[in-house]
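Below you'll find the structure, written out as structure tokens, and then a few comments.
Values in this text are rule-based calculations from the coordinates and carry no lab data. All values reported here derive from a predicted model rather than from experimental measurement.
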Amino acid sequence: MDYTYTYPLGAVSDDMLNVLSVYPNPSNSHFNVVMDSRVNDIVRLRLSNTFGQTVKVIDMDIKKGYNHLDINAEDIPNRVYILNVENNVNEVI
């Protein structure tokens, strides 16, 4: 069974970043992050384990508007992770 989670960011800013969905969950080797940005930017995606240790960091260019990011997670074990998405103004966990 696949689940999609939606996490809109509540802060109001000219550089607002909204993570619209993360799917599939659970995932084996790839997952998708769909977000909306008001500006062209660089975002940092950080996967942390349940102990708070960072296991993977990915910096990606995004464009103004709708963005669909395909994330390769083949290099990390199948576990529960926390996804943190941030730009120079916002942070979404």
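Some notes on this structure:
- Couplings for the range 37-43, taken from phi via the Karplus curve 6.51 cos²θ - 1.76 cosθ + 1.60 with θ = phi - 60°, read 10, 7, 9, 5, 7, 10, 10 Hz in order; Gly and Pro are left as x.
- Extended-chain gain in nm, criterion 0.36 nm per residue less alpha-carbon gap, THR54 and SER29: 7.3 nm
- Pairwise Cα separations in the range 20-93 fall into 10 Å bins from 0 onward with the following percentages, short to long: 18, 56, 24, 2.
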